[in-house]
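Comments concern the structure below.
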Protein chains: 6
Amino acid sequence: MRFRMGKAPLYIGRFQPVHNGHIHAIKHILSKHDSIIIAIGSSLTSHEKDNPFTFGERLQMLRLAFEETGIDFGKCIITGVPDVPSMHFLWVKMVEAMSPPFEIVYTNQPFTKRLFAEAGYEVRPIPYLEREKYSGIEIRRRILCGEDWSPLVPVKVFEYIMSIQGVERIRSLASSDEVFK
Amino acid sequence: MRFRMGKAPLYIGRFQPVHNGHIHAIKHILSKHDSIIIAIGSSLTSHEKDNPFTFGERLQMLRLAFEETGIDFGKCIITGVPDVPSMHFLWVKMVEAMSPPFEIVYTNQPFTKRLFAEAGYEVRPIPYLEREKYSGIEIRRRILCGEDWSPLVPVKVFEYIMSIQGVERIRSLASSDEVFK
Amino acid sequence: MRFRMGKAPLYIGRFQPVHNGHIHAIKHILSKHDSIIIAIGSSLTSHEKDNPFTFGERLQMLRLAFEETGIDFGKCIITGVPDVPSMHFLWVKMVEAMSPPFEIVYTNQPFTKRLFAEAGYEVRPIPYLEREKYSGIEIRRRILCGEDWSPLVPVKVFEYIMSIQGVERIRSLASSDEVFK
Amino acid sequence: MRFRMGKAPLYIGRFQPVHNGHIHAIKHILSKHDSIIIAIGSSLTSHEKDNPFTFGERLQMLRLAFEETGIDFGKCIITGVPDVPSMHFLWVKMVEAMSPPFEIVYTNQPFTKRLFAEAGYEVRPIPYLEREKYSGIEIRRRILCGEDWSPLVPVKVFEYIMSIQGVERIRSLASSDEVFK
Amino acid sequence: MRFRMGKAPLYIGRFQPVHNGHIHAIKHILSKHDSIIIAIGSSLTSHEKDNPFTFGERLQMLRLAFEETGIDFGKCIITGVPDVPSMHFLWVKMVEAMSPPFEIVYTNQPFTKRLFAEAGYEVRPIPYLEREKYSGIEIRRRILCGEDWSPLVPVKVFEYIMSIQGVERIRSLASSDEVFK
Amino acid sequence: MRFRMGKAPLYIGRFQPVHNGHIHAIKHILSKHDSIIIAIGSSLTSHEKDNPFTFGERLQMLRLAFEETGIDFGKCIITGVPDVPSMHFLWVKMVEAMSPPFEIVYTNQPFTKRLFAEAGYEVRPIPYLEREKYSGIEIRRRILCGEDWSPLVPVKVFEYIMSIQGVERIRSLASSDEVFK
């Protein structure tokens, strides 16, 4: 049997892009639970400087990373949660509507922690893997500056981003305040 | 290895609720392909007469149905696609953004077929399992009329809908033109 | 002192238009509580066949009706709650965000009752005042058919609706499927 | 000199599709004024049963019709006005924002007439060209029923609709209550 | 009789949070008029760094402040006006739709002044109460920096914000660029 | 005959406001093609610091500029394209829906270039007319700083902006972070 119907914990992130810190966190959570709900935040947002990739692309990155790092795809329930612009008080409710039931939330993000705690969830921290290195912000910065970012992500994720010209996308987004704002 | 990175076909539906016709279709597609992308349409819509269940609930139903009917969860990539109200010309693009890459679309719905064909996809029909019986419309009708709908869905889906008081929800929605319209 | 900071009960309606049934309900609730929160639903919607009046107009009608019927305006906390199209699971949360805290909800509407009960509120029924007569649907029907609707609303509300040409508005809305749909 | 900067009158319609009644109206208005502002309503809506064509397609139909019927394209200022769902009180303001300044509005539609009159515009009727025949509703009905609709539209508009498979689109839309609603 | 049906003046603000400057302004206006329409701007926005509180919370603050400072709640007509993102030309119309009729607008904000003046309203300035101190910006800054902000708001507003953990909310919002953006 | 039904090239900009650089570009394109599709971006946005003018005002500026500079209005197909907030992957599709068919896109903007190239269009650069001078950013900066901006725009555009008090609008927008944000 591939998964149990007990309540899996929720792990939420934006995965812009998927990196080794995410894999580290997912493995940590799967070492404590039978399965995991992975909620991809800002699911409808993409092609922005800080949100370059679509939900479909991030889903593909997760699958590639799982394959490479031996995470059992069958234990991972992946969902997407869109932003609720300006009405953030609706956000926890939105997560609840987009996910199977859960009771535990893994997050290090202060405001996410606060919102879920106020709503009665048990919130647990995630042991960081060198946070200043393994973060989407750092990876996007390195891509923009032409520095080496390949060690921060799984090999297959790196190859995938190259194959969809993700580097060029991020750079052209950084120079495009004109049309979209 | 759980799944291949080749392009899986797309199968799209609203799953309000998951029923035996869906399971039949998924098994048919998995008999021809290694994996399947299941796109849950109208993903942000729920608590409407014709769309009673949330994305999270439909996701849970799929998992329960897979467990009961022996479909390998690891072969199924599930995603959600929201409606784009009135701007339907954006819809195929929306599906593309929410999904890993695909080339084949399985659908019997005329307008879906048309939109994807126009966008250059190969569209294939799905052999129906007694369509007049196994359809969301028929199940919601039986629930409203108090007829027996249990044979139309997997046992675990039936039990789950009962446990979340889905029958009461559908009935109260049918009598609520006042507040929501 | 005009009001107490204890939790007032919530009474929700669309008030299209304000009629004697609403006044009856508000008096009933004020006979049991020191104050009342009146939530005007579909607050951003107007100029539709079933939602002809703006929030501002409905607010004005309430004030005029209170003045005429001796309801203490200072005991009434009025707020507006917009619809959350298709995402009805967010609606109770929306009401909570738009209102001072409350614990009791007065409503006869089945789905509203259900949503608030599921969210843990005490829901109480309102004794109807000849519901088939005192309802927005009946009043709008009489206006369309040219029947006498003046006995169903407070005199000042009738005069106000006449002064803003509300009858003409409702009739022209009924014949305008062309432009807006 | 191609046009004058005096205020042209506004003519508003949905043009689903452009037909001989529209051409008749535009010629009538141009017989009284030097130029005309043509506002295409529901500009962002398409691929719906009653709104099958995009703004771009309707713009193309207008150009083709002008070419065929000898209307001077240089005298026609064409703009698009999106719907403002449920907030119809904003609509006149929206038209004003999307158009050069105008003082006269040509329309036969009761609610449009009312809204512009209330906003202080001079509203003038348009002499109909056999309204029961020359209307978008009738043309879409004929297309659905397989009746001859070619005499109701300019030849080039007919050819254009055929070339973009407009007939198939309207028919598949009519049978697609499932996915989009 | 609690209020008159004459046209009350409009006073608009965001009230994030309610402070002594607002009370000063409301008292000033009520010294010149029998009643006042208080429009709470950005009514649907909350849980943002610069808009921390919900409409319901701001409404509650106003009531508490009125009770403390002796302002007659019955003379105050409170309404909420949502933002119209990017389409600011619709905003005055939105205010009109959300409010009883008014002719005078009290504001010191340059762009608000301009929009209402262009729409034909009489715009009057409000005598400031030490603006650099009594402003939402200053209060939120002090909260973030851990400085004493209690002298800037009514005592009951201070207590209420503490009771709903408003300080913690503002601080966690300031450190949460990750999830919401 | 005023225009040909061949596919005109697309030229996209925001025209905030129309300036001599735009006229230069349009003349360049019309020297190579019989007609031009001018797409006004962010069409629904106005009254923002960087997007001060409505679509209607920008349309009027284009007409005035064409009249002054001898561009044949009949050769110019003007359309508007709204933003698709955060879902930029839908934007090319949106342009396609709002425009007659085109194959060539003229743009110097890196991200626009990228999006259209990825979608299979031929993208061509536009020879700049002293870009650091003839740009909307520079003109809005000069207006804010009280420097002379009249040489950068056609005379009639200058007069039109003065007549609608555009300078005052831009300045009041720059000082209005309070209400709208």
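Brief remarks follow.
- When C:E103, C:E96 are screened for being modelled with pLDDT of 90 or more and in contact with a strand residue (DSSP E or B) (Cβ under 9 Å, 6 or more places away or on another chain), only C:E103 passes.
- One residue from A:L90, A:L173, A:L129, A:L144 being more than 30 Å from B:M61 (Cα to Cα) and either touching a Phe, Trp or Tyr at 6+ places or on another chain (Cβ under 9 Å) or within 8 Å of another protein chain (Cβ to nearest Cβ) (or both): A:L173
- Condition check for F:K49: touching a residue at least 60 places away in the same chain (Cβ under 8 Å) and among the charged types (D, E, K, R): yes
- Test result for F:I78, at the interface with another protein chain (Cβ under 9 Å from one of its Cβ atoms) and closer than 21 Å to D:R58 by Cα: yes
- C:R14 meets the conditions (1) more than 10 Å from every other protein chain (Cβ to nearest Cβ); (2) farther than 23 Å from E:R63 by Cβ; (3) of a type in the set (K, R) in every case but one. The failed one is (1).
- Selection count where residues are more than 7 Å from every other protein chain (Cβ to nearest Cβ), surrounded by 19 or more Cβ atoms within 10 Å (Cβ to Cβ) and either more than 13 Å from the chain's Cα centre (by Cα) or hydroxyl-bearing (S, T, Y) (or both), scope region A:37-57: 2
- Filter result for F:S31 (within 11 Å of another protein chain (Cβ to nearest Cβ) and either surrounded by fewer than 21 Cβ atoms within 10 Å (Cβ to Cβ) or closer than 20 Å to F:S135 by Cα (or both)): no
- Qualifying residue in region D:136-148 (condition: without any contact (Cβ under 8 Å) to a residue 40 or more places away in the chain, of a type in the set (A, V, I, L, M, F, W, C), over 30 Å from D:K32 (Cα atoms) and buried (at least 20 other Cβ atoms within 10 Å of the Cβ)): yes
- Single condition D:V84 does not satisfy, out of (1) touching a Phe, Trp or Tyr at 6+ places or on another chain (Cβ under 7 Å); (2) under 20 Å from D:H33 (Cα atoms); (3) at pLDDT below 95; (4) within 14 Å of chain C (Cβ to nearest Cβ): (2)
- Count of region C:116-135 residues which are farther than 13 Å from C:G21 by Cα and either out of contact with any Lys or Arg (no Cβ under 8 Å at 6 or more places or on another chain) or in contact (Cβ under 8 Å) with a residue 24 or more places away in the chain (or both): 9
- Flag for E:G21 being in contact with a Ser or Thr (Cβ under 8 Å, 6 or more places away or on another chain) and more than 21 Å from C:F66 (Cα to Cα): yes
- Within region F:120-169, the set of residues being under 20 Å from F:I12 (Cβ atoms) and acidic (D, E) comprises F:E122, F:E138.
- In region C:29-85, residue farthest from C:S150 (Cα to Cα) [restricted to those that are of a type in the set (D, E, K, R) and in a helix (DSSP H, G or I)]: C:K75
- Top-ranked residue in region C:96-108 [being touching a residue at least 40 places away in the same chain (Cβ under 8 Å) and out of contact with any helix residue (DSSP H, G or I) (no Cβ under 8 Å at 6 or more places or on another chain); ranked as nearest to the other protein chains (Cβ to nearest Cβ)]: C:F102
- Any hit, region C:58-67, residues being closer than 26 Å to E:K156 by Cα, at pLDDT 95 or above and either touching a strand residue (DSSP E or B) at 6+ places or on another chain (Cβ under 8 Å) or crowded, with 19+ Cβ neighbours inside 10 Å (or both): no
- Looking only at region E:116-140, residues that are of a type in the set (K, R) and either modelled with pLDDT of 95 or more or touching a Pro at 6+ places or on another chain (Cβ under 8 Å) (or both) come to 2 in all.
The values are calculated or read from the model by the stated rules, or taken from the named source; none is laboratory data. Owing to the predicted nature of the structure, the values given are computational and were not obtained by experimental measurement. Cβ sites come from the backbone with ideal geometry, for glycine too, and all protein chains shown count toward neighbours.
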